[in-house]
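Peer 1: Before I ask anything, let me first share the structure, which is written out below as structure tokens.
The values are calculated or read from the model by the stated rules, or taken from the named source; none is laboratory data. Keep in mind that what you see is a predicted model, and the values were worked out from it rather than measured. Here the Cβ positions follow ideal geometry from the backbone for every residue, glycine too, while neighbour counts run over all protein chains shown.
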């Protein structure tokens, strides 16, 4: 997580400073039927070097019906010169860690530096990496947590025990008045929000809004957003399917890349209400995969597999595969 925070801060800041375009907006299919959800693809192109494409599915019924994470996916890396597949990685852990890391980066820039109490609305898988990232960037001591699922709420303290914090179950109303930083990461349905009341909030409250990832799905009250400095990760995407759906373009604050490149530019906001609208985009996954590949190489993890057919004659797809021919002792 430390390495992920460091590399994302450097990479996102560099792209912003160089004036480069962000990744294209993600696209996908809505899945209906007995187990509704979505499946999306998120591409990023680093010209002359590589291409990263993540396919990710959001299926809120997964944990209860299939024992699977709500978010599942894979990340593929291709060589930009030849188009060959270089690496294929799990996207479950990668997505969870990079999402926690970017919230930590945004919180370091926007939250009050003496923030000690975190409120979590939603105690699913993302709550763990969100909290982990925050403990590495702020002096967190206490956690107030809420979930609509009693079993998930009851298991949170055990899952988060490695962080050594004081964990307390609390209602959304208690979280609203008692937290310095709040993360919302829920599976609330389209039109089912808000999940956080706009009453009694601390003047310096910072909110990481993580769960809004569909058109029409939001977690925060519009009244809160209108009073806050709202910083999106990817402005175009946030306006389409983040909390920024409830705002106009001229109401948006600086984007995540600007926070990474020049955190001092928002230092004045640390004593006031701020929101980070996190929708997740492919450049984050591209950088996260770099981190995973670096660690895998260092510890000798992963398996080398030839998935693409490489004929001995490049213009004859029916000619013998190079590796098979070599294995058979042929030239």
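Peer 1: Which residue out of 218, 183 is touching a strand residue (DSSP E or B) at 6+ places or on another chain (Cβ under 9 Å), outside the structural domain of residue 16 (by TED's automatic domain parsing) and farther than 19 Å from residue 113 by Cα? Don't jump to the end; show me each part of the working.
Peer 2: Values: 183 fails: farther than 19 Å from residue 113 by Cα.
Residue meeting the stated conditions: 218.
Peer 1: Among the candidates 241, 308, 294, which residue alone is within 15 Å of the chain's Cα centre (by Cα) and either touching a residue at least 12 places away in the same chain (Cβ under 8 Å) or assigned by TED's automatic domain parsing to the domain that holds residue 10 (or both)? Steps first, answer last, please.
Peer 2: Values: 308 fails: within 15 Å of the chain's Cα centre (by Cα); 294 fails: within 15 Å of the chain's Cα centre (by Cα).
Answer to the selection: 241.
Peer 1: Quick check: anything in the stretch 42-58 at pLDDT 90 or above, more than 23 Å from residue 283 (Cβ to Cβ) and buried (at least 18 other Cβ atoms within 10 Å of the Cβ)? Write out each step before concluding.
Peer 2: Going through the stretch 42-58, the residues at pLDDT 90 or above turn out to be 42-58.
Checking which are more than 23 Å from residue 283 (Cβ to Cβ) leaves us with none.
For the stretch 42-58, residues at pLDDT 90 or above, more than 23 Å from residue 283 (Cβ to Cβ) and buried (at least 18 other Cβ atoms within 10 Å of the Cβ): absent.
Peer 1: Could you run through the stretch 1-30 and say how many residues are without any contact (Cβ under 8 Å) to a residue 24 or more places away in the chain and outside any helix (DSSP H, G or I)?
Peer 2: Within the stretch 1-30, residues that are without any contact (Cβ under 8 Å) to a residue 24 or more places away in the chain and outside any helix (DSSP H, G or I) number 8.
Peer 1: Then there is this: If a residue has to be crowded, with 22+ Cβ neighbours inside 10 Å and within 19 Å of residue 281 (Cα to Cα) to count, how many in the stretch 220-252 make the cut?
Peer 2: Filtering the stretch 220-252 for residues crowded, with 22+ Cβ neighbours inside 10 Å gives 220, 224-225, 228, 230-234, 237-238, 242-244.
Still in the running and within 19 Å of residue 281 (Cα to Cα): 230-234, 237-238, 242-244.
Qualifying residue count, the stretch 220-252: 10.
Peer 1: Does at least one position in the stretch 118-126 carry a residue that is at positive phi and buried (at least 17 other Cβ atoms within 10 Å of the Cβ)?
Peer 2: There is at least one residue in the stretch 118-126 that is at positive phi and buried (at least 17 other Cβ atoms within 10 Å of the Cβ).
Peer 1: Of all the strands (runs of 3 or more DSSP E) wholly in the stretch 41-127, which have at least 1 residues that are under 21 Å from residue 9 (Cβ atoms)? It would help to see each step written out before you state the result.
Peer 2: Details: elements: 50-58, 71-79, 85-90, 117-121.
Ranges flagged: 50-58, 71-79, 117-121.
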